[in-house]
Amino acid sequence: MHRITTMADSRTPHLPQHLRGFALIESLIAIVVMALGILGIVGVQMRTLTDTSTTVRRAQAIRLIEDLGERMKVNPNALRNSNSFVSDFNATHSIGSCASGCDSSQLAAYDLAGWKQIVSSTLPQGQASIFIPQAESGLPAGTNRQLGVMIAWRENERHDADSGFKDNIDATKINDGGTFKNQGGSQAACPAGFVCHLQYISVPARCAPYAPGGGATTYYCPGA
């Protein structure tokens, strides 16, 4: 009697019992290895995007501080009104109007209010603090030649205290033997959960203070 071979029999490979399912296991292993490789590539790209975003925001913070310096240069007597630019993170300022003219003090308040609003709209939860450095805190009002400016913003990446990510990119701190310490004193402390950029700017002296014979201080403005 002859054995009848069906089409199904011709398509079915005859494998030994111990080799059955081996190809399926190889395929699963290949899929797992490929998935791990893809996840690794995605992780590297996300890390690169995070670093790029941090760099862009820090560049924006630097440009905002430069903008504040330019506003001070326009003020005819920013040195005398340097205290008018002092403002902490929580201070709110309403923008007035200089359409009919402002004196140097009013112009300082106007510039400060407008500048802080720009900081808030440019950076995510952007905040700014302007303070008189500790080295000049004892000087008479209106003679401070330098101001400290700190801009704070929130990063999308979750803060991990163990990794030290926030500390590593926080320009207000220095690494002292593996411990990050504030370099600007208590008045220059970065708010919790924020990344900060600290920079000191000089106060322009278009109108220089002059006290002849130790008398009352007047201000000499060239060309006035």
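Each reported figure results from applying straightforward, stated rules to the coordinates on display, with no laboratory input. Everything numeric here is computed off the predicted structure, so don't read it as measured data. Methodologically, a virtual Cβ is constructed for each residue, glycine included, from the backbone with ideal geometry; neighbour enumeration extends over all protein chains shown.
Placing dummy labels 7 Å off each Cα toward the beta-carbon, the span from Ala135 to Val44 is 4.4 nm.
Classify segment 75-161: rounded, prolate or oblate, from the alpha-carbon gyration tensor (a ≥ b ≥ c, eigenvalue square roots; a/c under 1.5 rounded; otherwise prolate if a/b is larger than b/c)? Here segment 75-161 falls in the oblate category.
List Ser82, Ser53 from most exposed to least, where exposure is judged by having the fewest other Cβ atoms within 10 Å.
Ordered by Cβ neighbours within 10 Å, fewest first: Ser53, Ser82.
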